[in-house]
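The values are calculated or read from the model by the stated rules, or taken from the named source; none is laboratory data. Fair warning: this is a prediction, and the values are worked out from it, not measured in the lab. Here the Cβ is made from the backbone with ideal geometry for all residues, glycine too, and neighbour counts use every protein chain on show.
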Number of protein chains: 2
Amino acid sequence: MSNLTREALTARDAADPLHSFRDRFDLPEGMIYLDGNSLGPLAYPVRDRVADVLNREWGQDLITSWNKNHWMALSTRIGDKLAPMIGANAGEVVAADSTSINLFKLLSAAVQLRPDRRTIVSEAGNFPTDLYIAEGLIALLGGSYRLRLIDDGERVEEALDDDVAVVMLTQVDYRTGRKLDMPATTQAVQKAGALMLWDLAHSAGAFPVDLNAAGADFAVGCGYKYLNGGPGAPAFLYVAARHQEGVQPALSGWLGHAQPFAFQHSYAPAAGIVRFVAGTPPVLSMAALDEALTLFGDVDLTALQNKSADLTDLFIALVEERCAGHGLTLATPREAVRRGSQVSFRHADGYALMQALIARRVIGDFRDPDIVRFGFAPLYISFTDVWDAVEHLRQVLENREWADDAYAVRAAVT
Amino acid sequence: MSNLTREALTARDAADPLHSFRDRFDLPEGMIYLDGNSLGPLAYPVRDRVADVLNREWGQDLITSWNKNHWMALSTRIGDKLAPMIGANAGEVVAADSTSINLFKLLSAAVQLRPDRRTIVSEAGNFPTDLYIAEGLIALLGGSYRLRLIDDGERVEEALDDDVAVVMLTQVDYRTGRKLDMPATTQAVQKAGALMLWDLAHSAGAFPVDLNAAGADFAVGCGYKYLNGGPGAPAFLYVAARHQEGVQPALSGWLGHAQPFAFQHSYAPAAGIVRFVAGTPPVLSMAALDEALTLFGDVDLTALQNKSADLTDLFIALVEERCAGHGLTLATPREAVRRGSQVSFRHADGYALMQALIARRVIGDFRDPDIVRFGFAPLYISFTDVWDAVEHLRQVLENREWADDAYAVRAAVT
């Protein structure tokens with residue numbers, strides 16, 4: 001590693017098969033954006049698409065756009081674009097609502113499919129909304145259900161018994177970046193008679209996922225992180241084809257009805273995945289996500305996976321070499337196969353450290369209690385960016401810039 | 001009425017205190033848009049705001065926008081702008097999710113607050129998603145709950161007994177435009193010990209609503225009709241202050257948590273109305289709605305109410321005078337106080353009739369089995385528009401243009 005130079009990395013960028021994708025994004029000048037795992041950046045085609053939806057589709061075509069400009073089809077069209085990125089078939093994915101709402105849909109579906117079981121299993125460190133939604137469903141269903149939290153998603157077997165209806169895990173931990181073995185976990189859960197629900201918030205768009213190869217039952221995910229669908233972009237959900245017809249949706253809105261425009265008094269679910277759509281989708285935000293996924297249609301997902309591993313490997317190696325002795329401890333698994341596209345370090349003054357980096361326009365984020373988190377979206381982050389980010393980090397640490405009083409005060413969101 | 005002329009109406013437009021608002025909308029040239037009760041048009045400030053959110057807030061400020069550009073506050077900021085339009089106080093309204101999802105939140109809240117009651121009452125002709133959502137909740141809650149549908153929302157007393165937990169009614173019927181007496185209905189429902197949930201989809205933005213004067217418990221409504229928030233704009237919900245702290249939300253997402261960025265394992269609801277927010281909101285669509293409501297800040301709501309009554313009175317009078325003998329029957333209450341801002345007629349060939357009007361760029365819509373529906377949004381529809389629309393309708397009827405074969409084939413959405 002000691003023979004690594006910035007020049008060598010710039011040459012590596014030139015040889016990167018994904019390098020040209022960077023030019024499709026409106027990345028701010030002089031910023032190293034390592035927070036695409038929280039909010040992906042704006043791609044130029046997305047900007048143009050939203051402007052067109054505003055001015056022509058809404059402004060001029062108005063109500064006729066539901067048919068003429070295919071607004072009615074957005075939920076499934078987005079789903080079908082996402083399907084090959086997450087190992088699903090067409091007709092197994094839709095875009096709709098938020099991740100929280102979609103979790104409620106699928107947890108309520110899971111308990112319907114396992115009526116004799118009363119336990120939902122998840123991980124204590126799962127993203128909070130996943131746990132909160134399970135709590136809300138359980139409270140609504142009354143006293144006999146329970147949520148069992150395990151400390152380590154890699155040891156799910158310990159929590160399995162014949163009362164477990166569904167196991168809900170996020171494949172990539174939002175703090176540490178730890179990535180679970182999807183096929184092995186799914187198999188263990190199903191062997192115990194339970195259903196497996198994956199949260200792909202930090203997976204989709206960062207590396208290829210293969211839900212069907214793993215035999216997964218359900219999945220949800222986020223449109224605004226690695227998929228670059230825009231702030232608060234609609235989320236997605238996946239239901240394996242074998243389960244679709246057996247579920248009566250709990251959030252039974254009119255756009256999931258078999259004949260929404262027949263305006264019937266009684267609910268009858270649409271065939272297939274469409275029944276998991278509830279209300280009218282936010283078209284401006286849906287259009288942005290749709291266009292962001294069109295861009296992924298040109299991406300070689302194996303190249304994405306490889307570059308993700310290479311960028312994160314490089315960051316770990318450079319930090320450990322060039323920032324040694326400053327109290328940083330790697331929080332992310334060292335083996336590339338066991339992590340997503342982010343690297344987290346622990347540091348006693350992590351919050352102030354990240355503020356000092358942000359002041360230098362190196363944008364990562366901080367998660368309690370002591371985690372500094374860096375996302376490496378392989379679509380637009382270069383090897384040179386990694387070098388430059390580490391150089392800034394080294395200077396911040398050596399100059400003790402993080403000790404500046406201004407960096408100690410916490411804002412609500414970073 | 002026989003002395004009415006187009007010239008007289010043009011003079012009336014010139015004297016209309018709301019006339020200048022029309023210039024703020026990008027209405028297509030040569031179109032008479034009487035479908036703002038289905039999808040409101042694009043206002044220029046909304047177009048500019050969305051472009052700014054795209055290019056500057058998302059494109060350049062990226063993740064910092066959650067604080068810097070107040071994305072975190074959008075849900076409550078929109079709610080507080082809406083509050084005076086619907087007779088609520090600040091802190092009683094938020095924008096979030098879709099109407100369907102918000103109905104689920106409030107119906108589940110209502111049954112929590114009336115634990116010994118098992119009946120939800122609604123009207124058979126209510127907008128279907130309202131009924132479907134009630135069905136979905138009831139199925140999830142298990143066998144002991146039921147949905148009781150009445151034929152006529154004006155005779156709600158007949159359905160009330162001591163098992164009714166909540167009555168859910170849409171104030172303005174989406175087909176006929178019939179408007180319910182909000183104070184009297186609410187009082188009757190509450191006298192029976194039940195809670196009152198209003199759907200304001202066809203009310204908010206068309207005329208002033210006064211939820212608090214009526215003593216209402218809950219309300220939902222739509223952002224994309226008379227509020228002009230854009231296609232599939234986020235919906236809103238109202239919870240009377242007295243009920244907020246007593247409800248544990250069923251859709252308990254992280255943004256309704258007391259401390260969303262503390263990332264706690266257990267759900268603890270935020271104080272007040274914020275607990276009814278679930279997941280991350282779609283910011284592009286939220287920003288459009290926010291800006292559309294800023295425009296309403298300049299509107300005199302009494303003038304809006306008066307113009308709504310005048311436009312619809314005029315349309316009824318002109319159609320009955322100038323289109324007599326062509327099989328049109330008024331479906332909307334004749335007294336202005338008993339209708340919303342739309343007028344519906346029944347016609348045996350209603351579908352083809354509307355298609356023929358649309359071919360002349362007079363845009364209304366059709367609802368099964370025989371209703372032609374015309375929305376008169378007082379913010380941008382003029383008295384001259386009403387004259388011109390009736391003149392087109394007269395010509396379509398006298399020329400039997402609706403009998404053209406091309407107009408008989410139905411599309412999925414009109």
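Filtering the stretch B:27-53 down to residues that are part of a helix (DSSP H, G or I) and buried (at least 23 other Cβ atoms within 10 Å of the Cβ), which residue is nearest to the other protein chains (Cβ to nearest Cβ)?
The extreme case among them is B:V50.
Would you mind stating whether B:K225 is at pLDDT 95 or above, within 14 Å of chain A (Cβ to nearest Cβ) and within 25 Å of B:L304 (Cα to Cα)?
yes
So, A:G246, is that one surrounded by 24 or more Cβ atoms within 10 Å (Cβ to Cβ), in the same structural domain as A:N67 (by TED's automatic domain parsing) and touching a residue at least 24 places away in the same chain (Cβ under 8 Å) or not?
No, not satisfied.
For the stretch B:139-164, what are the residues that are under 28 Å from B:T176 (Cα atoms) and either within 10 Å of chain A (Cβ to nearest Cβ) or β-branched (V, I, T) (or both)?
Within the stretch B:139-164, B:L147, B:L149, B:I150, B:V156, B:V164 meet the criteria.
Out of the residues in the stretch B:91-123 meeting the condition of being out of contact with any strand residue (DSSP E or B) (no Cβ under 7 Å at 6 or more places or on another chain) and surrounded by fewer than 24 Cβ atoms within 10 Å (Cβ to Cβ), tell me which one is farthest from the other protein chains (Cβ to nearest Cβ).
B:G91
Return the residues of the stretch B:160-175 that are of a type in the set (A, V, I, L, M, F, W, C) and either outside the structural domain of B:F104 (by TED's automatic domain parsing) or surrounded by fewer than 21 Cβ atoms within 10 Å (Cβ to Cβ) (or both); say none if nothing qualifies.
The answer is B:L160, and nothing else.
Return the residues of the stretch A:116-167 that are on the phi < 0 side of the Ramachandran plot and either free of Cβ contacts under 8 Å to residues at least 12 places away in the same chain or touching a Cys at 6+ places or on another chain (Cβ under 6 Å) (or both); say none if nothing qualifies.
Of everything in the stretch A:116-167, those that are on the phi < 0 side of the Ramachandran plot and either free of Cβ contacts under 8 Å to residues at least 12 places away in the same chain or touching a Cys at 6+ places or on another chain (Cβ under 6 Å) (or both) turn out to be A:D116, A:P128, A:A139, A:L140, A:G143, A:R155, A:E158.
Got a sec? Which of B:V319, B:V390, B:V343 is in a strand (DSSP E or B) and buried (at least 16 other Cβ atoms within 10 Å of the Cβ)?
Only one candidate passes the filter, namely B:V343.
Would you pick out the residues in the stretch B:265-291 that are outside any helix (DSSP H, G or I) and either in contact with a Phe, Trp or Tyr (Cβ under 6 Å, 6 or more places away or on another chain) or within 12 Å of chain A (Cβ to nearest Cβ) (or both)?
B:H265, B:S266, B:Y267, B:A268, B:P269, B:A270, B:V277, B:A278, B:G279, B:T280, B:P281, B:P282
Here is a check on your reading of the model: is B:T294 more than 14 Å from chain A (Cβ to nearest Cβ), surrounded by fewer than 22 Cβ atoms within 10 Å (Cβ to Cβ), touching a residue at least 24 places away in the same chain (Cβ under 8 Å) and hydroxyl-bearing (S, T, Y)?
yes
So which of B:A348, B:A336, B:A324, B:A303 ends up being in contact (Cβ under 8 Å) with a residue 40 or more places away in the chain and either of a type in the set (A, V, I, L, M) or more than 14 Å from every other protein chain (Cβ to nearest Cβ) (or both)?
B:A303
Look through the stretch A:346-376, keep the residues that are part of a loop (DSSP other than H, G, I, E, B) and among the hydrophobic types (A, V, I, L, M, F, W, C), and return whichever of them is nearest to A:Q395 (Cα to Cα).
By that ranking, first place goes to A:A348.
Need pairs with beta-carbon distance below 6 Å; first residue at the interface with chain B (Cβ under 9 Å from one of its Cβ atoms) and within the stretch A:61-82, second of a type outside the set (S, T, N, Q) and surrounded by fewer than 19 Cβ atoms within 10 Å (Cβ to Cβ); sequence gap 6+ or separate chains.
A:D61/A:K68; A:W66/A:M72; A:W66/B:V413; A:N67/B:A411; A:N67/B:V413
Please go through the stretch A:187-200 and pick out each residue that is surrounded by fewer than 24 Cβ atoms within 10 Å (Cβ to Cβ) and touching a helix residue (DSSP H, G or I) at 6+ places or on another chain (Cβ under 7 Å).
Listed by number, the list holds a single entry, A:A188.
What about A:N126, is it of a type in the set (S, T, N, Q), closer than 20 Å to B:P260 by Cβ, surrounded by fewer than 24 Cβ atoms within 10 Å (Cβ to Cβ) and at pLDDT 95 or above?
Judged against the criteria, A:N126 is a match.
Checking the conditions here, which among B:R6, B:R24, B:R56 is free of Cβ contacts under 8 Å to residues at least 40 places away in the same chain, farther than 27 Å from B:I133 by Cβ and either surrounded by fewer than 23 Cβ atoms within 10 Å (Cβ to Cβ) or basic (K, R) (or both)?
Going through B:R6, B:R24, B:R56 in turn, just one is free of Cβ contacts under 8 Å to residues at least 40 places away in the same chain, farther than 27 Å from B:I133 by Cβ and either surrounded by fewer than 23 Cβ atoms within 10 Å (Cβ to Cβ) or basic (K, R) (or both): B:R56.
Residue by residue through the stretch A:186-216, note down the ones that are closer than 28 Å to A:A292 by Cβ and part of a loop (DSSP other than H, G, I, E, B).
A:L200, A:A201, A:H202, A:S203, A:A204, A:G205, A:A206, A:F207, A:P208, A:V209, A:D210, A:A216
For the stretch B:249-268, name all the residues that are surrounded by 19 or more Cβ atoms within 10 Å (Cβ to Cβ) and either farther than 22 Å from A:G125 by Cα or in contact (Cβ under 8 Å) with a residue 12 or more places away in the chain (or both).
Answer for the stretch B:249-268, where residues must be surrounded by 19 or more Cβ atoms within 10 Å (Cβ to Cβ) and either farther than 22 Å from A:G125 by Cα or in contact (Cβ under 8 Å) with a residue 12 or more places away in the chain (or both): B:P249, B:A250, B:L251, B:S252, B:G253, B:W254, B:L255, B:G256, B:H257, B:Y267.
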